Amino acid sequence: MTLIEKLKPQRRTALHPSAQFSATLRVHLENQPGSFAALAEAIAEAGGLLDAIDLVRIEEDKKVRDVTVLATDADHIERIVAAVRDVDGVEVEHVSDRTFLLHLGGKLEVVPKTPLKTRDDLSMAYTPGVARVSRAIADDPSKVWTLTIKQNTVAVVSDGTAVLGLGDVGPAAALPVMEGKAVLFKEFGDVDAFPICLDTQDVDEIVSTVTALAPVFGGVNLEDIASPRCFEIERRLRETLDIPIFHDDQHGTAIVVLAGLLNALHVVGKRLEDVRIVVTGVGAAGIAVTKMLLAAGARDIVGCDRHGVVHAGRDDLDAVKREFAELTNRRSCEGSADDALEGADVFIGLSSPGAVSAAAIRTMASDAIVFAMANPTPEVLPEEIAGDVAVIATGRSDYPNQINNVLAFPGVFRGALDVRATTINRDMELAAAHAIAEVVDEEHRAADYIVPSVFNREVAPAVARAVAEAARRTKVARR
């Protein structure tokens, strides 16, 4: 194998090297022919990918370079660094994890919209002039929407109990995720969002705290709150407050899944009302996706948890899953998730790696659609079923058809805020899903292109327009 071949991506692991696991190595190399080639070969042999090479300086007998490498996980970074340290004539000065560097000091800051250059500026922005604005709002509370940040500000609220794939890591550990969410709100929807990480898991305390904070915000995005508490928290806040309350893990996921599925069904020539759907994962996302698909016209959905098919005859179901059983499984299926897949047209995974087998996927109907969205490792790897199904989607950015909530929530809140909606209802969610699907035009729709890129700048405005129109149509818009 030549050096060039070794530098190409090698399928040594199931997961691909990516920027999320990247590091920059500052290395000192002897200033002689072949020294960098030996370094590059060590990286390739360790399964890493060279991403960038920068010359820092030249010393008398050495060159100092910053070498950026991509890995598959944190342990893989350590193996690559160890391999580089073993190369004769190479000294590793230090290693910087690029993801941690990006988070140093946090990802957000508060920047004023108006300059304070003179005494006049100060007297209008703050005391004494601001008192007149406060009096105007006290006299007419609706003016808070035009005279404060409320009109464009969303609270991103979490208790840290269901953070990504990490589980219950607490509010402090949830903060980087909520900061990231706020960055996405601003970048894609021009919505000012602020992270609120609460040090309580008590439903009453969360509801009362968010209610007390509500005067500042035009909407609340609930995030990474464990099931089943998330359902009660959202329900009670919606009953109490007159601003949009949106649990993105539920409804954002459901919107993008429906959008992708609508296009996938177009690709294979099937109709939503005719297909058999199997869902693994009957938590917040799985239940919300199921209800969204039913609202959109699906008729035959079977849900599965870790104990198998959810059906009314099981005696181990809590109240949430009993309701789910009443809504689904019209054919009264029983057995495992693998059993349920036989003859199914669509698999939607919102669970964990290995929830279904590749062998079971192969028993699905012809032109099957598979959405394996467990992150970072899908329920079944696309490589295992390539050629066996018609359409594959995942939650990962390094495969085609990434089902990513960022396609939904920035535009959903943008549209809701634009019309000062009092809630986000099912019609608005369905409108958002169809808007996302329609960004992918018929000419370009294909098995590997059923959802637009998260960087497609047409998405959020299209979603916002559709959501705003649905809000007006259903009479939840204040303007």
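The values are calculated or read from the model by the stated rules, or taken from the named source; none is laboratory data. Bear in mind the structure is a predicted one, so any value in this text is a computation, not a measurement. Note that we place each Cβ from the backbone using ideal geometry, even for glycine, and neighbour counts take in every protein chain shown. Surface accessibility is based on the protein's heavy atoms, side chains included, excluding ligands, DNA and RNA. Shrake-Rupley method; radii C 1.70, N 1.55, O 1.52, S 1.80 Å.
At R0 = 25 Å, how high is the FRET efficiency between residue 458 and residue 149 if r is their beta carbon distance? Nearest 0.05 is fine.
0.35
Residues with beta-carbon under 10 Å from that of residue 344, excluding residue 344: net charge, scoring Lys, Arg +1 and Asp, Glu -1?
Local charge sum for residue 344: -2.
In nm, what is the difference between 0.36 nm times the number of residues separating residue 88 and residue 37 and their Cα-Cα distance?
Full-extension gain reported as 17.2 nm.
Work through the residues other than residue 472 whose Cβ is under 14 Å from its Cβ and net out their charges, Lys, Arg +1 and Asp, Glu -1.
+3
Sort 76, 311 from largest to smallest accessible area, using a 1.4 Å probe on the heavy atoms of the protein chains.
311, 76
What chymotrypsin sites (Phe, Trp or Tyr not before Pro) does the range 393-478 have in DSSP loop regions with at most 13 other beta carbons within 10 Å?
Sparse-neighbourhood loop chymotrypsin sites (Phe, Trp or Tyr not before Pro): 455.
With unit charges on the beta carbons (Lys and Arg positive, Asp and Glu negative) and the dipole taken about the Cα centre of the chain, which residue among 55, 286, 21 sits farthest to the positive side?
My answer, from the dipole projection, is 286.
For the chain, what is the accessible area per residue in Å² when the probe is 1.4 Å?
Accessible surface, normalised per residue, equals 48 Å².
From the protein chains alone at 1.4 Å, what is the descending order of accessible area for 208, 158, largest first?
208, 158
Given a 1.4 Å probe and every protein chain left where it sits, what share in percent of the accessible area of the chain is carbon and sulfur?
51
Quick one: accessible surface of residue 444, probe radius 1.4 Å, all protein chains present, in square angstrom to the nearest 10.
100
Quick one, which of (1) 45, 31, 19; (2) 40, 35, 20; (3) 36, 23, 23 is the actual semi-axes √(5λ) of the Cα gyration tensor in Å calculated for this model?
(2)
List the equivalent ellipsoid semi-axes of the range 54-141 in whole Å, largest first, each obtained as the square root of 5λ for an eigenvalue λ of the Cα gyration tensor.
Computed over the range 54-141, the values are 56, 19, 7 Å.
Highest first, please rank the peptides 188-195, 395-402, 286-293, 233-240 by the mean number of other Cβ atoms sitting within 10 Å of their residues.
286-293, 188-195, 395-402, 233-240
For residue 310, list long-range residues whose amide hydrogen, built 1.01 Å from N in the peptide plane, is under 5 Å from its own amide hydrogen.
303, 304, 305
Counting Lys and Arg as +1 and Asp and Glu as -1, what is the net charge of the other residues whose Cβ lies under 13 Å from the Cβ of residue 259?
After counting each charged neighbour, the total is -1.
Just to verify a number: what accessible area does residue 54 come out at with the full protein assembly present, 1.4 Å probe, Å² rounded to tens?
Solvent-accessible area, nearest 10 Å²: 80 Å².
Calculated FRET efficiency, residue 449 and residue 336, Cβ-Cβ r, R0 35 Å, to nearest 0.05?
Given R0 = 35 Å and the Cβ-Cβ separation, E is 0.60.
If you keep only loop residues by DSSP, which GluC sites (Glu not before Pro) in the range 23-72 have at most 12 other Cβ atoms within 10 Å of their Cβ?
Passing sites in the range 23-72 are 59, 60.
Using unit Cβ charges (K, R positive; D, E negative) and no other charged atoms, how large, in debye to the nearest 20, is the dipole of the chain about its Cα centre?
Roughly 1840 debye for the chain.
Which residue, 206, 217, 265, has the largest displacement toward the positive end of the dipole of the range 181-297 when charges sit on each Cβ (Lys, Arg +1; Asp, Glu -1)?
265
Under 5 Å between amide hydrogens, which residues at least 5 positions from residue 193 or on another chain qualify, with H placed 1.01 Å from N in the peptide plane?
Excluding prolines and chain starts, which carry no amide H, the hits are 154, 186.
Of all chymotrypsin sites (Phe, Trp or Tyr not before Pro) in the range 90-180, which ones are in loop regions per DSSP and have a Cβ with at most 16 other Cβ atoms within 10 Å?
Answer in residue order: 126.
Is it possible to state the helix-based mean residue ellipticity at 222 nm for the chain, with each DSSP H run of 4+ residues giving -39500 (n - 2.57), the sum divided by total residues, to the nearest 500 deg cm²/dmol? What is it?
So the helix-based figure for the chain works out to -12000 deg cm²/dmol.
Considering only 346, 439, 381, whose Cα is most displaced toward the positive end of the charge dipole of the chain, charges sitting on Cβ of Lys, Arg (+1) and Asp, Glu (-1)?
Toward the positive end, the furthest listed residue is 439.
Can you give me the long-range amide H partners of residue 51? Hydrogens built in the peptide plane at 1.01 Å from N, cutoff under 5 Å, separation of 5 or more residues or another chain.
Those qualifying (amide H under 5 Å, at least 5 residues apart or on another chain) are 68, 69, 70.
With every protein chain left in place, what is the accessible area of residue 232 in Å² (1.4 Å probe, nearest 10)?
Its accessible surface works out to 70 Å², give or take rounding.
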